[in-house]
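Any read-out appearing in this document is the output of simple, stated calculations on the displayed coordinates, not a laboratory observation. Please read all numbers here as calculations on a predicted model, not as lab measurements. For neighbour counting, all protein chains shown are included, and Cβ atoms are generated from backbone atoms with ideal geometry for every residue, glycine included.
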Amino acid sequence: MKVLHLSDIHLGSSFNHGKINPATGRNTRLEDFLRNLSICIDEALREEVDLVLFAGDAFPNSTPPPYIQSAFASQFRRLAEAGIPTVFLVGNHDQHSPGEGGTSLSIYNTLGVPNIIVAEKIATHTISAKSGILQVVALPWLTPKLLLTKEETAGATLAEVERLFLQKIQVILEAEIRRLQPQHPAILLAHLMAEKATVGAERYLSVGKGFCIPLSLLIRPEFDYVALGHVHKHQNLNPQNNPPVVYAGSIERVDFSEENEEKGFVLVHIRGKNQVEWEFRPLPARPFVTIEVDLTTSNNPQKTLLSAIAQKKIHEAVVRVIYRIRPEQQDTINIKQLHQALSEAHSYTLKAETVTHLDRTRLPEIGTGNTLTPLEALTLYLENRKDLQDLKGDILAAAKQLLEKSLPS
């Protein structure tokens, strides 16, 4: 039995790093995301998988424009037409107002689209795939508002709310586990922040307050594989693989916090109960490149900056150049030459950080063997601070009062 696990598509993100493709009228970053999503669907069809698991966050928010919704639907329609079932898990970005119902994916359930299941609540879905029965325990993005009453949280501290929240999840999840049929493989599909996960852009993208879920709730022998979404960096949180606890990661870079992260999806092979192999398959995500240069000590800032750009692979990359410069050096920077040097990048930004070096006033030197009392040292300091002359008397008076209080009686 084969399962394709992907997550965090965020279709419609990162437009500020793209440009309009004159041939299509679309933002090139939308095309990047669609290209990688299309590759995932192509692989699912080529591998003839039994099931596709999408672990949440289809769009950057819960109200995507119709043309983006249409582009998303057209890709997954290919799976439906091929008879491959797909489970859409609701992530934090898919929800409208947590606790009030409704998600960006609800329309698929409402229309009863064949071979597509939208998992909006904690439940177990028994799927009859072409290679056999597969059980999927769905754990969508949850917040205390969804599980706890106002009476339970009234007057409670954040730590107490977190404890009650995790207890509720544990009880509900345990009930689903006990209903599993042990003769059939079972997968936990969840959108959450798990402990020990290495995070990236999602710390900035998160909508609402989420709690960290202990791994002990996820690492259960009843599960053959744990498919996670929410964290954009691909990783396995259980190297012992009993079961694997895997974040597929996002399919395309969202911003520069994901510059060094490989993007892709996961292909899972279930040979039998507790006999699972999985592999991460990378996708051709557009490279993000940061060039940081300190020019404050350079005798030729322009040459130094151009050299730093030339040393990086910027062809068709999203590039940002950050350079530190002194005010008197600004006239040496030829912006036109920088634009020419960066012309092969897909898109780029230039950011100059002006550094002002303030001369520090030295206190008068005193002879060897001489020492200053704290009040004398403060007086000398204030005499060399022209900006504090109006406050000199008040500062000395306050210091004298503090020193008198601190002296032993």
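Once the dipole of the chain is set up with Lys and Arg at +1 and Asp and Glu at -1 on Cβ about the Cα centre, which of PRO64, PRO140, THR296 lies farthest towards its positive end? About the Cα centre, the residue reaching furthest to the positive side is PRO64. Once both labels are positioned 7 Å from their Cα atoms along Cα-to-Cβ, the gap between LYS168 and ASN334 label points is 6.4 nm. Within the chain, the whole DSSP H helices whose Cα atoms reach 15 Å or more along their own axis and whose mean Kyte-Doolittle score is at least 0.0 are 158-178.
Under 5 Å from the amide H of ALA119 lie the amide H atoms of PHE88, LEU89, VAL90, each residue being 5 or more positions distant or on a separate chain, with H modelled from the backbone and absent for Pro and chain starts. When the chain is described by a simple charge dipole with +1 on each Lys and Arg Cβ and -1 on each Asp and Glu Cβ, the residue from HIS234, ASN21, HIS5 located farthest towards its positive end is ASN21. Dipole of the chain computed with +1 at Lys/Arg Cβ and -1 at Asp/Glu Cβ about the Cα centre; of GLN75, PRO185, ALA377, farthest Cα towards the positive end is GLN75. Couplings for region 280-292, taken from phi via the Karplus curve 6.51 cos²θ - 1.76 cosθ + 1.60 with θ = phi - 60°, read 8, 10, x, 10, x, 5, 5, x, 10, 10, 9, 10, 10 Hz in order; Gly and Pro are left as x. Using a 10 angstrom cutoff on alpha carbons, build the Gaussian network for the chain and name the most mobile of ARG385, ARG46, ARG281. Looking only at ARG385, ARG46, ARG281, the biggest GNM fluctuation is shown by ARG385. Here the 3J(HN,Hα) profile of region 334-339, calculated from phi with Karplus coefficients 6.51, -1.76 and 1.60 at θ = phi - 60°, is 9, 4, 4, 5, 5, 4 Hz, Gly and Pro shown as x. Each semi-axis of the equivalent ellipsoid for region 288-354 is √(5λ) with λ an eigenvalue of the Cα gyration tensor; in descending order they amount to 20, 11, 10 Å. The H on the amide N of HIS125, modeled in the peptide plane, is under 5 Å from the matching H of VAL136, VAL137, ALA138, each at least 5 residues off or on a different chain. Shape class for region 55-145: oblate, because the ratio a/c of the largest to smallest gyration tensor axis (alpha-carbon atoms, square roots of eigenvalues) is 1.5 or more and b/c is at least a/b.
Amide H contacts of ALA194: ILE213, each under 5 Å away and 5 or more positions distant or on a separate chain (H built 1.01 Å from N in the peptide plane; Pro and chain starts excluded).
Length gained on full extension, THR290 to SER307, computed as 0.36 nm times the residue gap minus the Cα-Cα distance: 4.7 nm.
Taking the DSSP beta bridges with both ends in the chain, the antiparallel portion is around 35 percent.
Only the Cβ atoms of Lys and Arg (+1) and of Asp and Glu (-1) were treated as charged; on that basis the dipole of the chain about its Cα centre amounts to roughly 300 debye.
Our coupling estimate for region 132-142, obtained by passing each phi through the Karplus curve with A = 6.51, B = -1.76, C = 1.60 and θ = phi - 60°, is x, 8, 10, 9, 10, 8, 9, 10, x, 4, 10 Hz, Gly and Pro reported as x. Note that the chain, at 4 °C in a medium of 1.567 mPa s, gets a Stokes-Einstein diffusion coefficient of 51 µm²/s from its Kirkwood radius over C-alpha pairs.
Is the shape of region 1-105 rounded, prolate or oblate, going by the alpha carbon gyration tensor and its root eigenvalues a ≥ b ≥ c, with a/c under 1.5 for rounded and a/b larger than b/c for prolate?
oblate
Just to confirm my numbers, what's the Cα centroid distance between region 146-175 and region 108-136 in Å? A separation of 28 Å, based on Cα centres.
Residue ranges 300-307, 147-154 sort as 300-307, 147-154 when ordered by packing (mean number of other C-beta atoms within 10 Å per residue, highest first). Quick one: Cα centre-to-centre distance for region 21-39 and region 259-306, in angstrom? Cα centroid of region 21-39 versus Cα centroid of region 259-306: 20 Å apart. The simple Förster model, with R0 at 35 Å and r as the Cβ-Cβ distance, assigns THR379 and ARG326 a FRET efficiency of 0.55.
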